[in-house]
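A.B. asks: Here it is, the structure, as structure tokens.
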Amino acid sequence: MATQPIATVTHGGDRTEIRVVGTLDHTGAVEFEQAFTKLRGTVVLNLGGITRITSYGVGMLMRHLAGIGNQHKVEFAECSETMVDQFQMLQFSRYGRITSFHARYACTRCGRNDVVLLDVQRDLKVERATRTVHSPEYPCGCGGRLVVDDSLEFVIEHA
Ligand SMILES: [Zn+2]
């Protein structure tokens, strides 16, 4: 059975980007392991293309992250909605921090849904004392406002 390539590794300066796409499960285990073998500097895990992840995939991801944690700083970039669901449930903060993620938005007037890529540093304001995350609003075509339609509390732990 042919499997889709799931991990692409790019080296640049003092960082390594691992771009992961598709379904993260046991079928990509060997390729995924190879992606973690030649790393240098900060490891940027681009999780924007992950459409589905199994519990096996979550375990695999955590195992590899635990393996490199002492030698590399890790950043989670462009986390897909699927990955945001995982960050909502699980604690990844011991492995690295989230730099950007896809947030679900909804219009308060017409109910239209949208997905917006938010940059944690640029777009959000985190108030740790009150556990509040301030997120930007966007105008909707109907004249209403698009606001975040999800809890962003996971950002406090992972920022
Ligand atoms: Zn609207």
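A.B. asks: At a threshold of 8 angstrom on Cα-Cα distance, excluding pairs fewer than six apart, so keeping six or more, what relative contact order does the chain reach in percent? Intermediate values should be presented prior to the final figure.
C.D. replies: Values: 302 pairs, mean separation 26.1, N = 159.
Normalised by residue count, the contact order of the chain is 16 percent.
A.B. asks: Same structure again: Report Rg/Rh for segment 57-100, rounded to two decimals, where Rg is the Cα radius of gyration and Rh the Kirkwood radius.
C.D. replies: Here Rg/Rh amounts to 0.94.
A.B. asks: A further question follows. If I stretch the segment between residue 73 and residue 121 completely, what's the gain in nm (0.36 nm per residue apart, minus their alpha carbon distance), one decimal?
C.D. replies: Once the chain is fully extended between residue 73 and residue 121, it gains 15.6 nm.
A.B. asks: Taking Cα atoms of the chain, Rg/Rh with Kirkwood Rh, to two decimals?
C.D. replies: 1.01
A.B. asks: With springs only between Cα atoms under 10 Å, which of 68, 50, 18 fluctuates most in a Gaussian network model of the chain?
C.D. replies: 68
A.B. asks: Using only DSSP helix segments of four residues or longer, with each worth -39500 (n - 2.57), what per-residue ellipticity at 222 nm results for the chain after dividing by its residue count and rounding to 500?
C.D. replies: Estimated from H runs of four or more residues: -6500 deg cm²/dmol.
A.B. asks: Out of 81, 33, 17, any idea which swings most in a Gaussian network model of the chain, alpha carbons joined below 10 Å?
C.D. replies: For the chain, modelled as a Gaussian network with Cα springs under 10 Å, the answer is 33.
A.B. asks: Could I ask something else about it? Which Cys residues of the chain have no other Cys Cβ less than 4.7 Å away and so no disulfide-compatible partner by this rule?
C.D. replies: 79 - these cysteines have no disulfide-compatible partner (Cβ-Cβ under 4.7 Å) in the chain.
A.B. asks: Scan segment 84-159 for trypsin sites (Lys or Arg not before Pro) in coil per DSSP, keeping those whose Cβ has at most 15 other Cβ atoms within 10 Å, and list them by number.
C.D. replies: Loop-located and lightly packed - 94, 109, 112, 128, 131.
Read the figures in this text as sums done on the coordinates, not as results from a lab. Note that the structure is predicted; figures quoted are calculated from it, not measured. Please note: Cβ atoms are built from the backbone with ideal geometry, for glycine as well, and neighbour counts cover all protein chains shown.
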